[in-house]
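This report refers to the structure that appears directly beneath it.
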Amino acid sequence: MAKVVVVTSGKGGVGKTTSTAALGAALAQAGQHVVVVDFDVGLRNLDLVMGAERRVVYDLINVVQGVARLPQAVAAAGLTNPR
């Protein structure tokens, strides 16, 4: 069964992106299937921190606007067999 972990704060600069990237990487290295989503669509810092800025084809805005379906966005980012 899937689990959701949310990292949030009302203040900027407290390490949300760094913590999310580290947690996602650690879970993936432990063999878990992981998807990390950065809801700060203006800055997209998570792409940069994780070294994926050149692999992102669709973002959350594309999914919300109907340009791409969620499985397309996840698969385009490199995940095989998204559920």
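The values are calculated or read from the model by the stated rules, or taken from the named source; none is laboratory data. A quick note: this is a predicted structure, and the numbers were derived from the prediction, not measured. Cβ atoms come from the backbone with ideal geometry, glycine included; neighbour counts cover every protein chain shown. The accessibility values were calculated without ligands, DNA or RNA, using every heavy atom of the protein model including side chains. Shrake-Rupley method; radii C 1.70, N 1.55, O 1.52, S 1.80 Å.
When the accessible area of the chain is computed with all protein chains present and a 1.4 Å probe, what percentage of it is carbon and sulfur?
Values: 3670 of 6510 Å².
The value for the chain is 56 percent carbon and sulfur by accessible area.
Taking the dipole about the Cα centre of the chain, with the C-beta of Lys and Arg at +1 and of Asp and Glu at -1, give me whichever of 52, 27, 9 is farthest to the positive side.
27
Would you mind getting the accessible area per residue of the chain, heavy atoms of the protein chains only, 1.4 Å probe, in Å²? Provide the component values of the computation, followed by the final result.
Working: 6510 Å² over 83 residues.
Dividing the accessible area of the chain by its residue count gives 78 Å².
Let me have the relative contact order for the chain, percent, based on Cα pairs under 8 Å that are six or more residues apart. Please report the intermediate quantities before stating the final value.
On the way: 58 pairs, mean separation 15.7, N = 83.
Relative contact order of the chain: 19 percent.
Run the helix sum for the chain: -39,500 (n - 2.57) per DSSP H stretch of 4+ residues, divided by residue count, reported at 222 nm to the nearest 500 deg cm²/dmol.
Computed ellipticity for the chain at 222 nm equals -10000 deg cm²/dmol.
So what is the orientation-averaged projected area of the chain, using the convex hull of its C-alpha atoms, in nm²?
6.0
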